[in-house]
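Note sheet for the following structure.
The values are calculated or read from the model by the stated rules, or taken from the named source; none is laboratory data. Note that this is a predicted model, so its numbers are computed, not measured. So basically every Cβ, Gly included, is an ideal-geometry build from the backbone, and we count neighbours across all protein chains shown. What goes into the accessible areas is simple: the full protein's heavy atoms, side chains included, and nothing from ligands, DNA or RNA. Shrake-Rupley method; radii C 1.70, N 1.55, O 1.52, S 1.80 Å.
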Amino acid sequence: MFDCLRDYYCYRPEVIVDFIFDKGLLSIQIKNIGRRPAHNVHIDFDKQFYGLSGSKLFPELAMFKNISFLAPGKELTTFLDSSSAYFERDEPAQHTISVAYKDHRGKDYNDTIKHNLDIYRDIVYAETNG
């Protein structure tokens, strides 16, 4: 029987990377959904891609290279681009993301997350001015 009070898995860090779509705007979020801090978080994307109207190479941002400490529940979010600008530039829609981090004991964790941004291509939203 699974008992969260005795199972170490329930008390480990768990870092995810998610693409957020909000009314035509894309952002990338790193979040520790676990119950313990994550240390030395490093994120690798399988493809290069640009945001901010093509001006910024996102996989090279410092937030993806080494987060020394990510508290439980902590999230870091950065604006990527409008979905229309992202897709008009033919940026990759399929992403495989490798996430590596340690717990407070130094145990290594490595996770792979796959995202398909094509799901956002056909979402209808209202553009508002102000």
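Contact map, region 89-118: residues that are under 19 Å from Met63 (Cβ atoms) paired with residues that are modelled with pLDDT under 95 and part of a loop (DSSP other than H, G, I, E, B), Cβ distance under 9 Å, separation 6+ or inter-chain. Pairs shown: Glu91/Gly54; Tyr109/Arg12. Scanning region 55-98 for residues that are under 13 Å from Gln29 (Cα atoms) and either of a type in the set (Ser, Thr, Tyr) or open to solvent by 70 Å² or more (accessible area, probe 1.4 Å) (or both) yields Lys74, Glu75, Thr77, Thr78, Phe79. With respect to His104, is the statement that it is in a loop (DSSP other than H, G, I, E, B), under 22 Å from Cys10 (Cα atoms) and not hydrophobic (A, V, I, L, M, F, W, C) true? When the stated conditions are applied, His104 passes them. Determine, yes or no, whether Leu26 is among the aliphatic types (A, V, I, L, M) and either surrounded by 15 or more Cβ atoms within 10 Å (Cβ to Cβ) or at pLDDT 95 or above (or both). Answer is yes for this residue. Restricting attention to region 21-77, the residues that are touching a residue at least 40 places away in the same chain (Cβ under 8 Å) and on the phi > 0 side of the Ramachandran plot total 4. Could you please find all residues in region 24-57 being within 14 Å of the chain's Cα centre (by Cα), of a type in the set (A, V, I, L, M, F, W, C) and assigned to a strand (DSSP E or B)? Selection gives Leu26, Ile28, Ile30, Val41, Ile43, Phe45.
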